[in-house]
Amino acid sequence: MPQPPEYVDQVANPVWDLLTKRRLDFGAVPAVTFLGATRTELSSTSLENAVAKLAGALRDEWCLETGDRIAAYLPWHWQRVVWSLATWSLGVSLDVEGEPETAALTVCGPDGIAAALQGGCEEPVVVSLHPFGLPITDLPAGCIDAASVIRLQPDSFYAEPVSGEVTALILGGEECSISELIARAKMRLVQLGLTQSDRLLIPNPQLDDLGGYLLAPLVPLLGVGSVVVSDGPFDRASVISQEGVTAFWEGP
């Protein structure tokens, strides 16, 4: 099997190469922290590992390839960050609440099963929201537990070249390529004045909030310290004190 190349400035796979660079530079440093019913934190190494296992499953188990589309009914959660980075590393697009009937795969959280089934999907892939990503034991018939497939994948992933012009995200009918998402994320970071030492909190954004959707997965990859995502009400003073948050995403 060919060995993955070391990171170089000439990016062959925009998202995966940025993720690899993050791990090489800041392996043990937190990349994504999720504040929900429980607190989950992924280091740069853990994030790359989770993305590698999912990308491997998407390619080798679900047979997805560049140009395919996933209908995504994913909640605001650290798993959405992982699914975003894994699909973009494959050149596969996430169509937010898109049509399951014309998608190569439909993915949802436990609360999105009804919407996926009503949209015409016969076998939705359901993502566990367990803090450690453990399998779901009581899924309805016909549903596929994502964790049971993903956990069997290798911890490493050989990323093939992906063009930055491939569609990465479809949100509210608007299509954005990988290059466009990265460019927009960089612009938002400049507007926010964020640096390598900052921690950006993104509370539960509106479904059509492109900024919230692209900043969560890309902030750690673009030179900012880390991102904190929260799916419910939060106390600003407490989050600043306990999580070291230095900036907040307030929406469009």
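The values are calculated or read from the model by the stated rules, or taken from the named source; none is laboratory data. Predicted model only: the values in this text are computed from it and were never measured. Virtual Cβ from ideal backbone geometry, glycine too; neighbours counted across all protein chains shown.
Determine whether region 5-14 contains at least one residue that is more than 30 Å from GLU122 (Cα to Cα), in contact with a helix residue (DSSP H, G or I) (Cβ under 7 Å, 6 or more places away or on another chain) and modelled with pLDDT of 95 or more.
From region 5-14, those more than 30 Å from GLU122 (Cα to Cα) are 5-14; that's our starting set.
Then keep just the ones that are in contact with a helix residue (DSSP H, G or I) (Cβ under 7 Å, 6 or more places away or on another chain); that gives 7, 11, 13-14.
Okay, now just the ones that are also modelled with pLDDT of 95 or more, so 13-14.
Looking through region 5-14, at least one residue is more than 30 Å from GLU122 (Cα to Cα), in contact with a helix residue (DSSP H, G or I) (Cβ under 7 Å, 6 or more places away or on another chain) and modelled with pLDDT of 95 or more.
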Check your understanding: If you go through region 49-68 one residue at a time, do you hit one that is farther than 16 Å from VAL127 by Cβ, in contact with a Ser or Thr (Cβ under 8 Å, 6 or more places away or on another chain) and without any contact (Cβ under 8 Å) to a residue 40 or more places away in the chain?
Key -> yes
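Return the residues of region 77-112 that are among the aliphatic types (A, V, I, L, M) and either more than 22 Å from ILE136 (Cα to Cα) or in contact with a strand residue (DSSP E or B) (Cβ under 9 Å, 6 or more places away or on another chain) (or both); say none if nothing qualifies. Full working, then the answer.
Residues of region 77-112 that are among the aliphatic types (A, V, I, L, M), as a first pass: 81-82, 85-86, 90, 92, 94, 96, 103-105, 107.
Scanning region 77-112 gives VAL81, VAL82, LEU85, LEU90, VAL92, LEU94, VAL96, ALA103, ALA104, LEU105, VAL107.
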Revision key, fill the gap. For GLY225, the lone unmet condition from (1) more than 24 Å from SER93 (Cα to Cα); (2) among the small types (Gly, Ala, Ser); (3) surrounded by fewer than 16 Cβ atoms within 10 Å (Cβ to Cβ); (4) touching a residue at least 12 places away in the same chain (Cβ under 8 Å) is (3)
Review point. Of everything in region 137-147 that's surrounded by 14 or more Cβ atoms within 10 Å (Cβ to Cβ) and farther than 16 Å from HIS77 by Cα, which residue is nearest to the chain's Cα centre (by Cα)?
Key: ASP145
Check your understanding: Which ranges mark the strands (runs of 3 or more DSSP E) fully within region 137-252 that have 2 or more residues being in contact with a Cys (Cβ under 8 Å, 6 or more places away or on another chain), modelled with pLDDT of 90 or more and under 25 Å from ALA52 (Cβ atoms)?
Key -> 167-171
Practice item. Could you tell me whether region 124-138 includes any residue that is without any contact (Cβ under 8 Å) to a residue 24 or more places away in the chain, in contact with a helix residue (DSSP H, G or I) (Cβ under 7 Å, 6 or more places away or on another chain) and on the phi > 0 side of the Ramachandran plot? Key: no
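When the residues of region 89-123 are filtered to those that are in a loop (DSSP other than H, G, I, E, B) and touching a residue at least 40 places away in the same chain (Cβ under 8 Å), which remaining residue is surrounded by the most Cβ atoms within 10 Å (Cβ to Cβ)? I'd like the intermediate steps shown before the answer.
Let us first name the residues in region 89-123 that are in a loop (DSSP other than H, G, I, E, B), namely 91-92, 97-99, 103-104, 109, 119-123.
Retained after the next criterion (residues that are touching a residue at least 40 places away in the same chain (Cβ under 8 Å)): 91, 97-98, 104, 119, 121.
Numbers: GLY91: 25, GLU97: 18, GLY98: 20, ALA104: 16, GLY119: 19, CYS121: 23.
Per the stated criteria, the residue is GLY91.
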Practice item. Quick one: count up the residues across region 28-70 that are among the acidic types (Asp, Glu) and either closer than 18 Å to PRO161 by Cα or in contact with a Phe, Trp or Tyr (Cβ under 7 Å, 6 or more places away or on another chain) (or both). Key: 4
**Study point:** Matching residues, region 181-194, being free of Cβ contacts under 8 Å to residues at least 12 places away in the same chain and within 18 Å of the chain's Cα centre (by Cα)
**Key:** ALA183
